[in-house]
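Beneath this line is the structure, given in C-alpha cells, with notes to follow.
The values are calculated or read from the model by the stated rules, or taken from the named source; none is laboratory data. Computed from a prediction, not measured in an experiment: that's the story for all the values here. Here the Cβ is made from the backbone with ideal geometry for all residues, glycine too, and neighbour counts use every protein chain on show.
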Amino acid sequence: MAGVNTASITIAEMREFASFTPAEQRYIRRGLDIGLARRDAFTLWGRSPQECNSIRGQYVAYQELKSLRGDRPDEDSLEGIEIFCGKLTRLAAFDLAQDRIESFGAFRFLYERLLGAAIRPWLPSAFCAASALPQIAPGRRKLLLQSLSEAAATASGWSEREPSFYPEFIEEAAA
C-alpha cells in the first residue's frame, strides 16, 4: 500500500512540475544540477555567453546551500535567525533576479529539493523578503508576491515528507 501512495505522490509532483512555464522548468532542472552537483551545468545548459555568466553566478550563489543545510535554526527560537534568514533571502533574491522563477510554487518546488522538506516553514518569508527587494522590478515584484497564496503564507503546519521527483535534463530527440 505504501508503494501506491508513494507513486501517487510522485505523479502529483510530476504534474506540479509540468504546470510550470518552460523557463521555470528549465531553471529548476539547471538549479538542481548545480545545487545537487549532478552534472556540469556549463556543458549541459550554457547556450550563450550570457547564460554561462548566469550559470557561473549560480554556482557561486549556491555555495550558501552547504551552510543552509546545516545551520537551520530551531523554529521555536530566534537564536541564529538573522544569519540563516539573511543567507536564505540572499539566495532567493539571486534566483528571483534571474527572471526565470515566476511563482512561489516554482520557487518552493526548487528549494524543497535543494534544501529538503525541513526548509518548508522558512520559504514563504524568504520568498516575500526576496520578492520585495529593490533589485526586483516593481511589476515583477507585484506578480511574485501575488503568487503566494494565503494558505501558503499562513500555513499552521508543513509536511515533513521529502520530495520524491527530481526533474532532470532530457535530450531532445533528433528529427
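Can you tell me which residues in the stretch 37-49 are touching a residue at least 40 places away in the same chain (Cβ under 8 Å) and in a helix (DSSP H, G or I)? Walk me through it before giving the result.
Quick first cut of the stretch 37-49, residues touching a residue at least 40 places away in the same chain (Cβ under 8 Å) only: 38-39, 44-45.
Correct list: L44, W45.
Within the stretch 68-80, restricting attention to residues that are within 20 Å of the chain's Cα centre (by Cα) and free of Cβ contacts under 8 Å to residues at least 24 places away in the same chain, which residue is farthest from R113 (Cα to Cα)? Once the filter is applied, the top-ranked residue is P73. Considering every residue within the stretch 20-36, establish whether at least one is modelled with pLDDT under 95, surrounded by fewer than 18 Cβ atoms within 10 Å (Cβ to Cβ) and farther than 22 Å from L144 by Cβ. Checking the stretch 20-36: not a single residue is modelled with pLDDT under 95, surrounded by fewer than 18 Cβ atoms within 10 Å (Cβ to Cβ) and farther than 22 Å from L144 by Cβ. In the stretch 51-65, the residues that are more than 15 Å from D40 (Cβ to Cβ) form Cβ pairs under 8 Å with partners that are among the acidic types (D, E), at six or more places apart or across chains, as follows: A61/D95. Remark: A7 matches the filter, which requires a residue to be closer than 17 Å to F165 by Cβ, in a helix (DSSP H, G or I) and over 16 Å from the mean Cα position of the chain (by Cα).
In the stretch 71-109, the qualifying residues are those that are aliphatic (A, V, I, L, M) and farther than 19 Å from I136 by Cα, and the one that is surrounded by the fewest Cβ atoms within 10 Å (Cβ to Cβ) is L78.
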